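The values are calculated or read from the model by the stated rules, or taken from the named source; none is laboratory data. Computed from a prediction, not measured in an experiment: that's the story for all the values here. Quick reminder, even Gly has a Cβ in these numbers, built from the backbone with ideal geometry, and neighbours come from all protein chains shown.
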Amino acid sequence: MSTTITHGDPSLAAASPPPPKRRTARASSVLVYLSPVAMFVVLTLTTPGVLSTTGVMSLLVLASVLGLAAVGQTWAVMIGGIDLSIPATIGMANVLVTTLYAEGWGFPRIVLLVVVVSLAIGTANGLLSSLFGLHPLVVTLGMASLVTGSVLVATDGNTGGDVPGFITDAVSPVGSVWGIGVPAAVILWLATLAVVLLVERRTVFGRRLYALGSNERAARLALVRPVVVRVVVYSVGALCASAAGVLLAGFSGGASVSIGDPYLFSTITAVVVGGTSLLGGAGTYARTVAGVLVTTMFTTLLVGLEIGPNMQQVMLGVAILLLITVYGRDRHVAQRL
Amino acid sequence: MSTPPLEPAVVELAGITHRYGPTVALSDCRLSIAPGEVHGLVGENGSGKSTVVKLLSGIMRPTEGEVRVGGKAVDLRSPAAAQRHEIVTVFQETLVSDECSGLDNVFAGTDGIFRRARSGRAEREAAERVVASLGASPAILQSSPHHLSLAERQVLTLTRALVRPWKLLILDEATSALDLSTRDRLFAVLADHRREGRSVLFVSHRMDELEILIDRATVQRSGRTVGTVGKDEATPARLLSMMSGRSDAGEHHVRAGARSRQAADVVLRGVDLSLVAQAPAFDLDVRRGEILGIGGLDGQGGSHLVEVLAGVRPTASGRVEVDRDGSWTRVTGYRQAFRSGIAYVPGKRQEEGLFPSMTVGDNLSMATLPRHARAGLFRSSSVLTRVREEMTRLGVVPHDPSYPITGLSGGNAQKVLVGRWLAAEPDVLILNDPLRGVDLGTKRDFYALLRELTEAGTTVVMLSTEIEELLTCCDRVAVCQAERVFDVLEGEDLTYDAVLAAMFGRHVSDEQSSDEQSSDHDTHRKVTL
Ligand SMILES: Nc1ncnc2c1ncn2[C@@H]1O[C@H](COP(=O)(O)OP(=O)(O)OP(=O)(O)O)[C@@H](O)[C@H]1O
Ligand SMILES: [Mg+2]
């Protein structure tokens, strides 16, 4: 096999210039990754007490919870979907841990149950949105109300109870793991981050995830099974959301099925702030991490400025709309001609 | 070079340079289109033809230089601006939305902000007239284009241009997906318009079309304008040598080394095959190491046949079987077919082929990634080596796996799609019109490549809309008509006229009844009657 087709344009081949689109992508991604730094500077200037080990760690703990919750949102968006069942899954895990622990269940058993339920939620999301061609918006919305409802029925509305001490420690800003002064929640997040990025960049599954988001019909013909990809994506998302739900139990000591509610908006905010296109096929969890840090610090800033939760909501909304108009301009039809 | 016509040019490009970031797609491009002429624009893949088209259609503005309409410099800042100057375009990539009906596709962008709920009756009639003049069924206007063939989608985009008022029509390889009869009708329509003083800018890689149609041609090479020649000078040999910068370019033909294979050694076969419900059943044998061409007019079953053979589409009845180490295995789906050694290169590269948000390397390696992976983790170096190999073999420009796929010219994107499945090293390679939009030189090299593959034992089934292509590179040609294989031609019988006749099935005698060259046709009639 020696035939080489030589009728391309040699002058262009020799120059092999870096493509323009990649350059603008690189420029905008530099901005995305710099934005947490800028935000941090603003935060230290306006809010006293942030610039301390405890201050930073409490920010990171908050970011860890949001970060875990946003794994599923990122991947769902990357395959052209969305996951509205994340808050319900967070609430489910939160209530199961506290209630069952109070009833005397061993922690490993509780974890096993939470994992099984999460996988069931993810699998159902993936199957329903593939097999019946339903929009993930509808499927995950239905799933959310199914999960929340079931938890309420199962616990008879008596949510809440007790948490194991090590969970409280895991989210404590002064907590540490193996003598390193970093709370376990943050370690868990970093470990998840490493795995998620490895999967995105180096695995066959990762490539298929992008392919599915980019062009489903073409992906099928390139031997990608959309059902499998969706089931995995929503299951991983549910598992991570459950981890966030368990960690949240460490904060309040109490529990509630609705504890995850703010995370619908904030996970989407984190994804959008990170610049992952809502059209699917592009983006990465690394960008979402930047979005998570910015969102967390922005909220902390607003709290520090004594802006109430309603006004916070308004300002986050404005931020999202601004960002969407900036990022939304990529991938124009003209590029497909 | 021909003398410029006396009347002011309809549209003129002067000293145009265009860059995509650092890539210089056009430099010092000159083009002048006279009223009432069909002006050819030719050049190898990536030579800047589509870039010229996009500049004239208001998709992009030139980095430098001037666009003149009727002698006056204009700023075509948007497609709407181009439309106001009565420039309409059919783009190389057939952009048709599956979300709305064919009719809405045709009139997309004409309505104001308060969109009319239904297209008016006048609009429908206008669209139907155009569709009918192209010989297509008006039914394609009613439904969602989801199930339409590439040719039918192309008819929609042609209609979209032709229903608007225009004095310059730009066709960027708009004929590459059309079958012979639709193409001829389009040419007749264009001839009428030309008589009324309208102009056409015609981009094509098909020398036969250029010869029939054009009055003058401008040749592009590596983003530069080589020159404009009049009809008499625009012979294929001359154009080819201007395009490539080599004097011998017109000469080196690949001789089809058609060999007859032993009929017994069949590697893939259709038994009692029926492509769509109620269509007649037929048998088809694909022999080991042959290149079997699939011909036929659009909608006559050729596309269905390759899809059925590849397991992409279920058979209506009957079965497709592939030889797996001496025993017949039934093909039940395309993943299973792939495991049995069959690879399928789809025809609609935008809808079924490319991943627009990904790089060239990702696009090319998608189907074969697992082969470079252990425990789900792939080795980038090994993937890239393979990608580079395929890119070299197919001459993809630029030779850069990290280039975004949307930054490739149409022909180069097509090569990447073919490369994806060549990399799979299948036993049977099934190609659905693989060289659509690929330039002539590359095509010839590709035929040689296919020939080499078959020598190494690969079997090739290739659908093509071009009869010439079928004749040049295939050992046998199965012509589809009325959703079945009407005839399989080989050896002496494999001639242009025979293929053409078979395409029209039994109707050939009605159309060419006065023709005396009908020994071929007679045998066909015997087959059908
Ligand atoms: N959006 C883009 N981004 C970057 N480079 C581009 C883009 N579009 C085109 N190019 C580059 O510009 C050059 C000219 O491309 P163009 O599409 O005009 O070629 P063409 O003559 O139409 O080729 P073909 O016959 O294959 O359609 C090519 O080298 C191509 O890679
Ligand atoms: Mg082009």
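Restricting the range A:275-309 to residues that are under 15 Å from A:Leu31 (Cα atoms) and at pLDDT below 90, which is nearest to the other protein chains (Cβ to nearest Cβ)? The extreme case among them is A:Thr276. Is it fair to say A:Val204 is touching a Lys or Arg at 6+ places or on another chain (Cβ under 6 Å), over 28 Å from A:Val186 (Cβ atoms), within 14 Å of another protein chain (Cβ to nearest Cβ) and modelled with pLDDT of 95 or more? Judged against the criteria, A:Val204 is not a match. The number of residues in the range B:379-420 being within 9 Å of chain A (Cβ to nearest Cβ), assigned to a helix (DSSP H, G or I) and away from ligand 2 (no atom under 16 Å from the Cβ) comes to 5. Among the residues of the range B:184-212, those identified as within 16 Å of ligand 2 (Cβ to nearest atom), touching a Ser or Thr at 6+ places or on another chain (Cβ under 8 Å) and among the aliphatic types (A, V, I, L, M) are B:Val203, B:Leu210. Among the residues making up the range A:84-115, those that are among the aliphatic types (A, V, I, L, M) and in contact with a Phe, Trp or Tyr (Cβ under 7 Å, 6 or more places away or on another chain) are A:Ile86, A:Ile90, A:Ile110. Scanning the range A:207-230 for residues that are under 14 Å from B:Thr368 (Cβ atoms) and facing chain B (nearest Cβ under 7 Å) gives A:Arg207, A:Ala211, A:Leu221, A:Ala222, A:Leu223. When B:Val10, B:Val90, B:Val42 are checked against the criterion of being within 16 Å of ligand 2 (Cβ to nearest atom) and either over 30 Å from B:Pro145 (Cα atoms) or away from every other protein chain (no Cβ under 14 Å) (or both), B:Val42 stands alone in meeting it.
Per the listing B:Asp445, B:Asp439, B:Asp433, the residue uniquely at positive phi, within 18 Å of the chain's Cα centre (by Cα) and charged (D, E, K, R) is B:Asp433. Scanning for something of a type in the set (S, T, N, Q), within 10 Å of ligand 1 (Cβ to nearest atom) and either in contact (Cβ under 8 Å) with a residue 60 or more places away in the chain or within 11 Å of chain A (Cβ to nearest Cβ) (or both), does the range B:431-443 turn up at least one residue? Yes, the range B:431-443 contains a residue that is of a type in the set (S, T, N, Q), within 10 Å of ligand 1 (Cβ to nearest atom) and either in contact (Cβ under 8 Å) with a residue 60 or more places away in the chain or within 11 Å of chain A (Cβ to nearest Cβ) (or both).
The residue pairs whose first member lies in the range B:319-341 and is basic (Lys, Arg), whose second member is assigned to a helix (DSSP H, G or I), and whose beta carbons are closer than 9 Å, counting only pairs six or more residues apart or on different chains, are B:Arg330/B:Gln336. Given the criteria part of a helix (DSSP H, G or I), within 19 Å of the chain's Cα centre (by Cα) and within 14 Å of chain B (Cβ to nearest Cβ), does A:Val186 qualify? Answer is no for this residue. Does the range A:249-257 contain any residue that is more than 24 Å from A:Pro183 (Cβ to Cβ), of a type outside the set (Lys, Arg) and at pLDDT below 95? The answer is yes, given that some residue of the range A:249-257 is more than 24 Å from A:Pro183 (Cβ to Cβ), of a type outside the set (Lys, Arg) and at pLDDT below 95. Scan the range B:48-57 and give yes if some residue there is within 16 Å of ligand 2 (Cβ to nearest atom), touching a residue at least 40 places away in the same chain (Cβ under 8 Å) and either at positive phi or not assigned by TED's automatic domain parsing to the domain that holds B:Ser176 (or both), otherwise no. The answer is yes; a qualifying residue exists. Against the test of being touching a Ser or Thr at 6+ places or on another chain (Cβ under 7 Å), modelled with pLDDT under 90 and away from ligand 2 (no atom under 16 Å from the Cβ), the options B:Ser181, B:Ser149 yield a single qualifying residue, B:Ser149. Could you grab me the full set of residues in the range B:42-58 that are more than 10 Å from ligand 1 (Cβ to nearest atom) and either part of a loop (DSSP other than H, G, I, E, B) or touching a helix residue (DSSP H, G or I) at 6+ places or on another chain (Cβ under 6 Å) (or both)? Listed by number, the residues that qualify are B:Ser57, B:Gly58.
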